[in-house]
Amino acid sequence: MSVEYLLVVYKEDRDVLADGDRVGVTNHILLLPPDEYIITLSGDDYAPPDQTVALAGTSIVRPQVIVFT
């Protein structure tokens, strides 16, 4: 099974949800199967409300990075 690397950045630790399922915590590299995901965070008061990400071609030293504010 291949794996892709995703880093979700936010000012504090929040649960990261991929298609509604908890996959980890912000500010830590997450390992997910290659696919397209809708990424959200737990809690309120962050923007944008969700981000769509297509994970492919990442590595541990070059994860895909998305930022919530």
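Values in this text are rule-based calculations from the coordinates and carry no lab data. Not measured: the values here are computed from a predicted model. Don't worry about glycine lacking a Cβ; one is built from the backbone with ideal geometry, like all the others, and counts go over all protein chains shown.
What percent does the relative contact order of segment 4-67 come to when contacts are Cα pairs within less than 8 Å and at least six residues apart? With pairs under 8 Å counted, the relative contact order is 41 percent.
Close amide H contacts of Asn27 (hydrogens built in the peptide plane, cut-off under 5 Å, sequence separation of 5 or more or a different chain): Val8, Val9, Tyr10. Note on segment 47-69 and segment 1-25: Cα centroid distance 9 Å, given to the nearest whole angstrom. The magnitude of the dipole of the chain, with charges of +1 and -1 set on the Cβ of Lys/Arg and Asp/Glu and taken from the Cα centre, is near 280 debye. Only one residue of Gly20, Ala54, Gly43 has its Cα farthest out toward the positive end of the dipole of the chain, where Lys and Arg carry +1 and Asp and Glu -1 on Cβ, and that residue is Ala54. With kT/(6 pi eta Rh) evaluated at 4 °C and eta = 1.567 mPa s, and Rh the Kirkwood radius from Cα pairs, the chain diffuses with a coefficient of 109 µm²/s according to Stokes-Einstein.
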